[in-house]
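Participant: My questions all concern the structure below.
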Amino acid sequence: MNRREFSQLSIGAALGHKFLRGLGQTAPASPSPDPFRLSFMLWALEKQAPFDRCIEIVAAAGYKGVELVGEFYGWSPADTSRIMARMASFGMIFDAMSGVKAGFAVPDQSADFMTQFTAQVGKAKDLQCSKIILLSGKRVDGVSPDAQRQTAIDNLKRADDLASKDKIQIVIEPIDLLENPTIYLSTVADGFEIVRAVGSPNVKVLYDIYHEQRSYGNLIEKLEKNIDLIGLVHIADVPGRHEPGTGEIDYANIYRKLSELSYDHFIAMEYYPTEDPTESLKASRLAIQQAAPAPPPTS
């Protein structure tokens, strides 16, 4: 993932619940159960606060997961033990991680891809993380799209053979061409085709709503036709990569559709907060609760 430069945080009390209002909602009077498990991709906060403080922010907002982009490669065993204990104290888990630099669709990176992926599986086990996010890498001059597609399928099958032994799921993430003009995999439509060709329930697509909207749109139809192939959903609004409700995407409809389709994996916020981060994450969580209320508990 090509991390964007983090723009300066703007904080204003008047912004408190504008994100809920942007979704046509008001904050509920009392806490409600969450219809989905919620996570936050931590890189979007890390230029604003130290790592441990970022964890506290996500926990204070009531989220159950945190996602990483390779921070763990700098941790000592003592660091890992301390951080895992802190996560447990908040009742949170690391639900997904990325950090493999080699692209799974780049033929001359196949050996490096497997070496790096093997190391990532080891880190995932250390952090009790059950999902690894992978990127395709760039389009290669002189190599046909079909050849790169076959490379992707072959490498993902090899990676799945390794990851499935430890019950670690793989999700492949398309990146929009505005952000990365040379990326091979730029839409979930192609991602679904690759995952179908791999043919493993352990390999799925990360449906990043922000990336898909920027280049292709037609968000809900692709959810409806491929929900069984989606292993993770990422959320940010367009333009700006800010909170849901600040841009053009109708997230209330997205959440309702995911609920109707019985989506049961994590939803991760991956945005730059434009107000106090804890309040922003809380508002995003409450918007989901109102758009797609959790079903009543069974007796």
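The values are calculated or read from the model by the stated rules, or taken from the named source; none is laboratory data. Predicted model, so just to flag it, every value in this text is computed and none were measured. Because the Cβ atoms are built from the backbone with ideal geometry, glycine has one as well, and the counts that use them run over all protein chains shown. For the accessible areas, the whole protein counts, side chains as well, though only heavy atoms, and no ligand, DNA or RNA atoms are used. Shrake-Rupley method; radii C 1.70, N 1.55, O 1.52, S 1.80 Å.
Participant: Could you list all residues from the range 273-283 that are of a type in the set (Ser, Thr, Tyr) and either in contact with a Leu (Cβ under 8 Å, 6 or more places away or on another chain) or at positive phi (or both)?
Facilitator: Within the range 273-283, just Thr274 meets the criteria.
Participant: Further question on the same structure: Check Val140, Val100 and return the single one that is closer than 14 Å to Ala163 by Cβ and either in a loop (DSSP other than H, G, I, E, B) or in contact (Cβ under 8 Å) with a residue 12 or more places away in the chain (or both).
Facilitator: None of the other options fit; the residue is Val100.
Participant: Here's a follow-up. Search the range 206-226 for residues being farther than 14 Å from Ile249 by Cβ and out of contact with any Phe, Trp or Tyr (no Cβ under 6 Å at 6 or more places or on another chain), and hand back the single one that is surrounded by the most Cβ atoms within 10 Å (Cβ to Cβ).
Facilitator: Leu206
Participant: Filter the range 231-257 for residues that are small (Gly, Ala, Ser), in a loop (DSSP other than H, G, I, E, B), touching a residue at least 24 places away in the same chain (Cβ under 8 Å) and farther than 25 Å from Met97 by Cβ and give the result.
Facilitator: Step one: filter the range 231-257 for residues small (Gly, Ala, Ser), giving 231, 236, 240, 245, 247, 252.
Okay, now just the ones that are also in a loop (DSSP other than H, G, I, E, B), so 236, 240, 245, 247.
In the following step, the residues that additionally are touching a residue at least 24 places away in the same chain (Cβ under 8 Å) were identified as 236, 240, 245.
Of everything in the range 231-257, those that are small (Gly, Ala, Ser), in a loop (DSSP other than H, G, I, E, B), touching a residue at least 24 places away in the same chain (Cβ under 8 Å) and farther than 25 Å from Met97 by Cβ turn out to be Gly240, Gly245.
Participant: Identify all residues within the range 74-92 that are part of a helix (DSSP H, G or I), loosely packed, with under 14 Cβ neighbours inside 10 Å and either modelled with pLDDT of 95 or more or of a type in the set (Asp, Glu) (or both); write none if there are none.
Facilitator: Within the range 74-92, Pro77, Ala78, Asp79, Ser81, Arg82, Ala85, Ala88, Ser89 qualify.
Participant: When you scan the range 121-128, do you find a residue that is in contact with a strand residue (DSSP E or B) (Cβ under 7 Å, 6 or more places away or on another chain), open to solvent by 50 Å² or more (accessible area, probe 1.4 Å) and not in a helix (DSSP H, G or I), even just one?
Facilitator: Yes, the range 121-128 has at least one match.
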